[in-house]
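Written below as structure tokens is the structure these notes are about.
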Amino acid sequence: MQQAETLKQIAQPSFSDGIKDCIPTLLGYLSIGFAMGIVAVTSHLSILEIGLLAALVYAGASQFIICAMVAVHSPISAIILTTFIVNLRHLLLSATIAPHFKNSSLFKNIGMGLLLTDESFGVTVNKLAKREPITEQWLNGLNLTAYISWVISCLCGGVFGQWVKNPEIFGLDFSLTAMFVALLILQLHSMNPSKLNHYILLIIYMIIMMYGLSFFVSLDLAVIIATVIVSTIGVITDR
Amino acid sequence: MSLQPSILWIILGGMLVTSIPRILPFMIIRKLNLPEPVLKWLGYVPICILTALIVESTLKVPSHGITSINLTVILAIIPTCMIAIWRKSLLLTVIVGIITMAIIRFLLG
């Protein structure tokens, strides 16, 4: 047992391990990115604009909203403010991952933060929940694979978008939700069984809170507010 | 291959506002030792935020009107959840989820 623990600590995951750990999430990036490109074409964005949007904004939900708002000629300021609110949850994701990289340089920390997504966050916390070590190289492998796949799939969607008008009918838009479901189940699975009831209770609180908040604030804000409140409940009710 | 100035501004502004929440914690947390309760609190964030993102996809909020539940998504989540519990595979869950959703949409027209 002792030996197994030591072995685990020695096996530091490499850049290529990061690429490997990204593979299960690729289908999500590819299908959503493809759908993104199609939506962007219908919002009259050029291929160059689609590529820049994917490479520089690099945020699935925000890119969809930007396209929708561009299509109805919303003011630039409103579009940027909405993008900010939609992506504000990254503060929480980033704050969860950052404590594990306190010894890395500022420059490398910025690099890891810039490419953080819901999916790479999910893969990272799953690795942590399984008590496996994470390294800078591993996270960079994971992040860069996701980033490149995302940009390419957005561009492909933009190129082929003329022929596929409605990506929804293929169920591809559901891949993101399916991925979150899998990541949540994997989290619960790697949890200490004695804590499971506590977590299930918190999930129920989250569902109630999200539904309730949706009557008062936008869903993006509801995500942040509900997470902050229920995580606090989690700490208080933890025995 | 055109690049409209307004779109360029949206992209650059979007880049700025999506970068800040991503890198700020990475820049700040290096400098300080977070107290135990804060670390504990951060430990609850993954479960909460993943739940929030799933619930978000099941809700529809029209600009004028009250929240409604997207039954198609709920219907697709059930088998997706079951396959995730049964096989514990990310990729398989995503594939089954996509197929389930396509079937449900086909059946419901």
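Here A:Leu88 sits with roughly 40 square angstrom of accessible surface, probe radius 1.4 Å.
Largest first, how would B:Ile11, B:Ile103 line up by accessible area (1.4 Å probe)?
B:Ile103, B:Ile11
Dividing the helix sum by the residues of chain A, where each DSSP H run of 4 or more adds -39500 (n - 2.57), gives a mean residue ellipticity at 222 nm of -23500 deg cm²/dmol.
What is the sum of charges around A:Leu188, taking Lys and Arg as +1, Asp and Glu as -1, for the other residues whose C-beta is under 11 Å from the C-beta of A:Leu188? Taking every other residue near A:Leu188 into account, the sum is +2. Taking a label point 7 Å from the Cα of B:Arg87 along the Cα→Cβ vector, which residues of the range B:26-51 have an amide N closer than 18 Å to it? Under 18 Å, as judged by backbone N against the label point of B:Arg87, lies no residue of the range B:26-51.
Which loop trypsin sites (Lys or Arg not before Pro) in the range A:113-222, with loop taken from DSSP, have no more than 16 other Cβ atoms within 10 angstrom of their Cβ?
Of the trypsin sites (Lys or Arg not before Pro), the ones in loops of the range A:113-222 whose Cβ has at most 16 other Cβ atoms within 10 Å are A:Lys130, A:Arg131, A:Lys165.
Placing +1 on the Cβ of every Lys and Arg and -1 on the Cβ of every Asp and Glu, with nothing else charged, gives chain B a dipole about its Cα centre of roughly 200 debye. Where in the range B:56-77 is the amide nitrogen less than 14 Å from a point lying 7 Å along the Cα-to-Cβ axis of A:Phe215? Zone members listed by number: B:65-69.
Looking at the square roots a ≥ b ≥ c of the eigenvalues of the Cα gyration tensor of chain B, which shape do they give, rounded for a/c under 1.5, prolate if a/b is larger than b/c, or oblate?
oblate
The heavy atoms of B:Arg105 present about 50 square angstrom of accessible area, all protein chains included, probe 1.4 Å. With the charge dipole of chain A set up from +1 on Lys and Arg Cβ and -1 on Asp and Glu Cβ about the Cα centre, the Cα lying farthest toward the positive end among the listed residues A:Asn197, A:Phe34, A:Leu219 is that of A:Asn197.
Compute the normalised compactness of the range A:90-167: alpha-carbon radius of gyration over 2.2 N^0.38 Å, N being the residue count.
1.34
Would you please classify the overall shape of the protein assembly as shown from the alpha carbon gyration tensor, given that a ≥ b ≥ c denote the square roots of the eigenvalues, rounded means a/c under 1.5, and beyond that prolate means a/b larger than b/c while oblate covers the rest? Rounded shape, in that the Cα axes give a/c under 1.5. The region of chain A that goes longest without hitting one of the chymotrypsin sites (Phe, Trp or Tyr not before Pro) in a DSSP loop, each with at most 10 other Cβ atoms within 10 Å, is A:1-162.
Net charge in the neighbourhood of A:Phe15 (other residues with Cβ under 15 Å of its Cβ; Lys, Arg +1, Asp, Glu -1) is 0.
Can you tell me the 0 to 90 degree angle between the C-alpha axis of helix B:5-29 and the longest principal axis of chain B, rounded to 10? Between helix and principal axis, roughly 70 degrees. Against the main long axis of the alpha-carbon atoms of chain B, helix B:36-58 sits at an angle near 40°. Each of B:Leu8 and A:Asn103 was given a label point 7 Å from its Cα along the Cα-to-Cβ line. The distance between the two points is 4.5 nm. Sorting B:Leu108, B:Leu91 by solvent-accessible area of protein heavy atoms yields B:Leu108, B:Leu91, largest first, with a 1.4 Å probe.
Considering only B:Val94, B:Val17, B:Val38, the Gaussian network model of chain B with Cα springs below 10 Å gives its largest mean-square fluctuation to B:Val17. Chain A contacts chain B over a buried accessible area of about 7500 Å², both sides summed; the probe is 1.4 Å and only protein chains count. Just check the range A:193-239 against the gyration tensor rule for me: Cα atoms, a ≥ b ≥ c as the square roots of the eigenvalues, rounded for a/c under 1.5, and otherwise prolate or oblate depending on whether a/b exceeds b/c. Prolate shape, in that a/c is at least 1.5 and a/b is the bigger ratio. Compared with the dominant principal axis of the Cα atoms in chain A, helix A:136-160 is inclined by about 20°.
The values are calculated or read from the model by the stated rules, or taken from the named source; none is laboratory data. Keep in mind that this is a model prediction, so the values were computed, not measured. Ideal geometry is used to build each Cβ from the backbone, glycine not excepted, and the neighbour counts take in all protein chains shown. With ligands, DNA and RNA removed, areas are computed over all heavy atoms of the protein, side chains included. Shrake-Rupley method; radii C 1.70, N 1.55, O 1.52, S 1.80 Å.
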